Amino acid sequence: MTDQAPPVAPGAYTGPSRVLSGVQPSGALHLGNYLGALVKFTRLQHEIDTFIFVADLHAITVWQDPAALAQQTREIAAAYIASGLDPDKATIFPQSAVREHAELAWIFQCVARLGWLDRMTQFKEKSGKHKERSSVGLYTYPVLQAADILVYKATHVPVGEDQKQHLELTRDIAGKFNHDFGIPGGAPVFFPQPEPLIQGPGARVMSLRDGSAKMSKSDPSDYSRINLTDTADDIAAKVRKARTDPEPLPETIEELAARAEADNLVGIFAALSGQTKAQVLAEYAGKGFGTFKPALAELAVEKLAPVGEKMRGLLGDPAVLDAILAKGAEKARETAAPTLAEVKKLVGFWGA
Ligand code: AMP
Ligand code: TRP
């Protein structure tokens, strides 16, 4: 048997547009998460039916302290709401509270091919030199991600650039499922092929210490990232200490491309101010970092410090967060359960 994705079943998906995304509760959130994911969620909730979850099933693919996991889940929910997600508009829930994710993931494990998973670069990065010591879940992680998305028949997935390959796998799984189990006779295809929403200057925020490395919660240096819970003083200090070069900012994006650190700071400025990088350069071309960094620090404090404040406020009343999560899980199940029931029928399970 070949490991190539088979051709997509004929016919177009005709269901409604739906947005879905999630973030793992496995460490403090940083500016990359905020710009690559959180702010996009809040924009989309006004346009499309939006499901945003806390990916706790994914988090345990690496060790998580059981005494801390529920609180980490609340922290992500608090970050969502503090960034502007409205629980009355978007459905916010913990992944583990909707069992349909895990159940569909098993069926998808039987649809996805080993060859497809062998190509996943995130597994290679996360497992490092000791692949044989990684959990099996870390390897099948992208299959669960496909189930997260498709159990809601989501059509659009806002994520940072690092998730692009997982979205391609999701599309391959949807295509193969439609091909292998689709409703015969040319009826509309069962699963959509979801589109990643990645564009914009915040899609790949780099480390403040090294313009060639992604801003990441696993970087040992706290100065490499701005955490959502950093104080105004921390944020300003981190921008001030960010690595740069001695040149003034150039006129064009092309000239910026060869200067990773400068490019990153201009990208962050653009994303935080809702501008393009070209617009930022139009204002700062010819100016040095002595001028640009204080402006960026001020902007970052203005945008991020209130998010941290609001998070702390929400975490002060866990009962409110828990009620939001419980209600979200109930609402999510209303969409996920019918999809899973249909899938079980298509696969041919007894009693389905
Ligand atoms: P994670 O922290 O890996 O669970 O990522 C949560 C979300 O943030 C995903 O949509 C990622 O693509 C996004 N993300 C993580 N790091 C970055 C980064 N440095 N730049 C942009 N987006 C990011
Ligand atoms: N893998 C994503 C990350 O690390 C988190 C995630 C899990 C996700 N399931 C998802 C994102 C479904 C979008 C859609 O960031």
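The values are calculated or read from the model by the stated rules, or taken from the named source; none is laboratory data. The model shown is predicted, which means the values in this text are computed figures rather than measured ones. So basically every Cβ, Gly included, is an ideal-geometry build from the backbone, and we count neighbours across all protein chains shown. All accessible areas refer to the heavy atoms of the entire protein, side chains included, with ligands and DNA or RNA removed. Shrake-Rupley method; radii C 1.70, N 1.55, O 1.52, S 1.80 Å.
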Is one or more of the residues making up region 248-255 surrounded by 20 or more Cβ atoms within 10 Å (Cβ to Cβ) and either touching a helix residue (DSSP H, G or I) at 6+ places or on another chain (Cβ under 7 Å) or in contact (Cβ under 8 Å) with a residue 12 or more places away in the chain (or both)? yes
I'm told Thr170 meets every condition in (1) without any contact (Cβ under 8 Å) to a residue 12 or more places away in the chain; (2) touching a helix residue (DSSP H, G or I) at 6+ places or on another chain (Cβ under 6 Å); (3) not aliphatic (A, V, I, L, M) except one. Can you identify the failing condition by its number? (1)
Given (1) of a type in the set (Gly, Ala, Ser); (2) surrounded by fewer than 17 Cβ atoms within 10 Å (Cβ to Cβ); (3) not assigned by TED's automatic domain parsing to the domain that holds Lys153, Ala337 misses just (3)
In region 81-101, is there at least one residue being under 21 Å from Gln165 (Cα atoms), in a loop (DSSP other than H, G, I, E, B) and touching a Leu at 6+ places or on another chain (Cβ under 8 Å)? no
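Within region 128-170, restricting attention to residues that are hydroxyl-bearing (Ser, Thr, Tyr) and within 15 Å of ligand 1 (Cβ to nearest atom), which residue is farthest from Glu103 (Cα to Cα)?
Taking the candidates together, the pick is Thr170.
Where residues in region 184-199 are open to solvent by 50 Å² or more (accessible area, probe 1.4 Å) and touching a residue at least 40 places away in the same chain (Cβ under 8 Å), which of them is nearest to ligand 2 (Cβ to nearest atom)?
Within region 184-199, the match that is nearest to ligand 2 (Cβ to nearest atom) is Glu195.
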Restricting to region 138-183, and then to whatever is away from ligand 2 (no atom under 12 Å from the Cβ) and more than 20 Å from Tyr13 (Cβ to Cβ), can you tell me which residue is most open to solvent (accessible area, probe 1.4 Å)? Tyr139
Please enumerate the residues belonging to region 10-28 that are at pLDDT below 95 and either surrounded by 22 or more Cβ atoms within 10 Å (Cβ to Cβ) or within 15 Å of ligand 2 (Cβ to nearest atom) (or both). Ser26, Gly27, Ala28
Please state which of the following conditions Ser224 fails to meet, knowing it meets all the rest: (1) crowded, with 19+ Cβ neighbours inside 10 Å; (2) out of contact with any strand residue (DSSP E or B) (no Cβ under 6 Å at 6 or more places or on another chain); (3) touching a residue at least 24 places away in the same chain (Cβ under 8 Å). (3)
